[in-house]
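The values are calculated or read from the model by the stated rules, or taken from the named source; none is laboratory data. If you're wondering where the values come from, they're calculated on a predicted model, not measured in any experiment. Don't worry about glycine lacking a Cβ; one is built from the backbone with ideal geometry, like all the others, and counts go over all protein chains shown. When the accessible area is computed, the model is the full protein with side chains, heavy atoms only, and any ligands, DNA or RNA have been set aside. Shrake-Rupley method; radii C 1.70, N 1.55, O 1.52, S 1.80 Å.
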Amino acid sequence: MMSATERRDQVVLGPLPPSFLRLETRTSNGETVTTVTADPAIGRQVDLPTPPPGTQQPPTSGARPPAPQQRPGVPPQHQSQPDLQPAQPYVPQAGLSITIAQAVLNKSYTLIGSMDPYVRLKVGHNTYETFTHAGADKAPCWNKVYHCALPNTHSVRTVSVEIFDERALTDDQRIAYAKIAVPQSVFEGHTLDEWFPLSGKLGEAKEGSINLIISYTTMPMITLPYQRIHYPYAGWHPNISPPDPLPEISEADVNNIKDMFPEVDKEVIRTVLESKHGNVEAAVAAILDIMDGDGGS
């Protein structure tokens, strides 16, 4: 590897030679002309030899591009020209901005683990769905904003929301719903931030409540109906350790609970015990809760 002193020794100091950045060319008359290659304008002034016929000469710097050839038999005004018109300016559109913040549910409708809720929002003819908050059970949180374009302030006066529990092996179960009227104050510029009651199997306005933020605004962009993305469950994520193995369930605990609930199958009792990690009291409370819910529906 060369040192800094050796590199400096190779530097040429002093006046530049006369041939620096100059090219000697010979014209058709046999005369030798010296051109400065660093200046294309001077180089183009030299009468260089004419290329042979049929040879395409490269375009020089600053030269105009060749004119497009006209098709025979077609007037020039009807020749196809490239569309150089600028893009149309964007026209803002007004509509509802709806934020699905969170919900508080009064009951869990699952036997194993926790519920995985998501929301389906309907505004006019459009349907939007949030992502699934896996494992949130009765306290899901989404904080998802939707911009719903409206043709006018009278086209939509109500919006509907439905909360579903995402299932892996069966169809998703609807656990709560609500139909919300949009007041006139929203279209006059006020922002509505309220909790709305939810209905379901427990009765009218008894399933809990959902927090929505609704405003009428001019939107910079239009949100198309959103297809829900199924995020993987926490236990399936590669960066998270696998879940703990299921506890061993004794046959005596299953028989004891079977004596208390003769109409419940043993496999169901075993599944509830596994979800409660072998806790008999918690399993009995869960089965009582399920039976009470089925009886009320």
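Counted residue by residue at 0.36 nm each, then reduced by the alpha carbon distance between them, the extension gain from Phe131 to Thr5 reaches 38.8 nm.
Between Ala176 and Ile163, the built amide H atoms are under 5 Å apart, and every one of these is 5 or more places off in sequence or on another chain. Given a Förster radius of 51 Å and the C-beta distance between Asn279 and Asn143 as r, what FRET efficiency does 1/(1 + (r/R0)^6) yield to the nearest 0.05? After rounding to 0.05, the efficiency reads 0.90. Residues in segment 96-103 carry Karplus couplings, in order, of 8, 9, 10, 9, 8, 7, 7, 8 Hz; the curve used is 6.51 cos²θ - 1.76 cosθ + 1.60 with θ = phi - 60°, and Gly or Pro positions show x. Largest to smallest in accessible area, the residues Cys148, Cys141 fall in the order Cys141, Cys148 (1.4 Å probe, all protein chains included). Radius of gyration over Kirkwood radius for segment 155-222, both on Cα atoms: the Rg/Rh ratio is 1.07.
Diffusion coefficient of segment 108-175 by Stokes-Einstein, Kirkwood radius over Cα pairs, 20 °C, 1.002 mPa s: 160 µm²/s. Stretched out straight at 0.36 nm per residue, the stretch from Met291 to Arg167 would grow longer than its current Cα-Cα span by 42.6 nm.
Counting only residues at least eight positions apart within a chain, or on another chain, the lysines with an alpha carbon under 16 Å from that of Lys138 are Lys107, Lys201, Lys206.
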